[in-house]
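**Student:** Attaching a single structure in structure tokens format; questions to follow.
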């Protein structure tokens, strides 16, 4: 039997999950007052982006409306526009910070049968690279993430600051 040593994984395994007292994490995380602890990388008026604590790939973001809804039809037109803008911003942040070669973007709608574990509408933004899928998920039922959530959060929030400065600079030139 061959052994795979990924000593760095312990940091990820031991990382804190949502506090046990949280009943509705997507509604409660923005109210913590600590975006770093919540892994929130960007906020807009009606929605926000946060790192998925159980990512498919490094940088796997979730676009989440602040209001607690479970289906796209429950969103107001303003919330729909804002959420879609967050998805675009998430793609821009990931492109700047991690330079992926592609993306999977989508929603799991419905109960756990659709793949969602939290009944709160959220969109997935998953960066992809050539060769990012290997034998481990198929044979070993194990996903290997080459970067910690902490390091990814640092890169994405730095990219968010750069994007904010660029947008402010364009607004001033008008």
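The values are calculated or read from the model by the stated rules, or taken from the named source; none is laboratory data. Worth saying up front: this structure is predicted, and the values here are computed from it rather than measured. Note that we place each Cβ from the backbone using ideal geometry, even for glycine, and neighbour counts take in every protein chain shown.
**Student:** Going through the stretch 28-50 one residue at a time, which ones are surrounded by 16 or more Cβ atoms within 10 Å (Cβ to Cβ) and over 15 Å from residue 88 (Cα atoms)?
**Tutor:** If the condition is that a residue be surrounded by 16 or more Cβ atoms within 10 Å (Cβ to Cβ) and over 15 Å from residue 88 (Cα atoms), then 29, 30, 35, 38, 39, 40 are the ones that fit.
**Student:** Answer yes if at least one residue in the stretch 93-105 is surrounded by fewer than 11 Cβ atoms within 10 Å (Cβ to Cβ), out of contact with any helix residue (DSSP H, G or I) (no Cβ under 8 Å at 6 or more places or on another chain), closer than 23 Å to residue 151 by Cα and modelled with pLDDT under 90, and no otherwise.
**Tutor:** no
**Student:** Might you let me know whether the stretch 52-67 holds any residue that is surrounded by 14 or more Cβ atoms within 10 Å (Cβ to Cβ), more than 21 Å from residue 91 (Cα to Cα) and either at pLDDT below 75 or touching a helix residue (DSSP H, G or I) at 6+ places or on another chain (Cβ under 9 Å) (or both)? Step through it out loud before you land on a result.
**Tutor:** Pass one, the stretch 52-67, residues surrounded by 14 or more Cβ atoms within 10 Å (Cβ to Cβ): 52-53, 55-67.
Next, only the ones that are more than 21 Å from residue 91 (Cα to Cα) stay: 67.
From what is left, the residues that are either at pLDDT below 75 or touching a helix residue (DSSP H, G or I) at 6+ places or on another chain (Cβ under 9 Å) (or both) are 67.
Yes - at least one qualifying residue is present in the stretch 52-67.
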